[in-house]
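The values are calculated or read from the model by the stated rules, or taken from the named source; none is laboratory data. The structure presented is a predicted model; accordingly, all values stated were derived computationally and were not measured. Cβ placement follows ideal geometry from the backbone for every residue including glycine, while neighbour counts extend to all protein chains displayed.
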Amino acid sequence: MPSARPAIKLDFALPDAIREGLGCRSESKPVMGDKIIPLPNPDAERVRRMTARMAAGDETAFKDFYECYCDRLFRYLLVLTRGNEDLARDLLQATMTKIVRSGREFRDEAQLWNWLAAVARNSFIDALRRTRRAPQLVPLLPDDAPEMPMVPADESDALLFDALDRCLTELSVDERALIEAFYFKGGSH
């Protein structure tokens, strides 16, 4: 049974005379009237039971967890990835895997969400680090190089050798001699 939050006292820094002039009573009474429904506290017992069952390996508890938090985690990851849905889905899968592997019991939803958000954020940071570590592809030919036409396999060797001869003629005499000695005459570097 959810319990109601305590009523808020409006004892701002107003003197009693001003509060009475506004029609406020000087004794502190709850602000909520009979028509205002109090917000329930998060169902801490439900979260505690669900996370305890997940930590014990209960598959139905994980299904319940997935239904409750999958969309919320995806939206959070979508914000982190600046709208990249594919990356957000990949990160969601990595986050869910980490959550399943390190299941533990939480006493309330705030504590659980803080942990989930930290796991998701760390998955995002790990992905950023992986992309920064990934080798960058550098084109071998400049952008203004003429494209080589597609030819059948028997003519491709002739075109390749022509391109090699053309490149060798563009080298200085010393560089060309080194390349020819190493690759064509079996020399060492």
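Being out of contact with any Gly (no Cβ under 9 Å at 6 or more places or on another chain), free of Cβ contacts under 8 Å to residues at least 12 places away in the same chain and exposed (fewer than 13 other Cβ atoms within 10 Å of the Cβ) narrows it down to one of 130, 104, so name that one.
Only one candidate passes the filter, namely 130.
Tell me whether segment 158-169 contains one or more residues that are hydroxyl-bearing (Ser, Thr, Tyr), modelled with pLDDT under 70 and either touching an Asp or Glu at 6+ places or on another chain (Cβ under 7 Å) or not in a loop (DSSP other than H, G, I, E, B) (or both). No, the conditions are met nowhere in segment 158-169.
Within segment 55-101, the residues that satisfy the criterion of being surrounded by 13 or more Cβ atoms within 10 Å (Cβ to Cβ) and not in a helix (DSSP H, G or I) are 58, 81, 84.
A search for C-beta distances below 6 Å between a residue of segment 43-54 that is closer than 8 Å to residue 108 by Cα and any residue that is part of a helix (DSSP H, G or I) and not small (Gly, Ala, Ser), counting only pairs 6+ apart in sequence or on different chains, returns 47/109; 47/112.
Scanning segment 86-145 for residues that are within 22 Å of residue 58 (Cα to Cα) and among the acidic types (Asp, Glu) gives 105, 108, 109.
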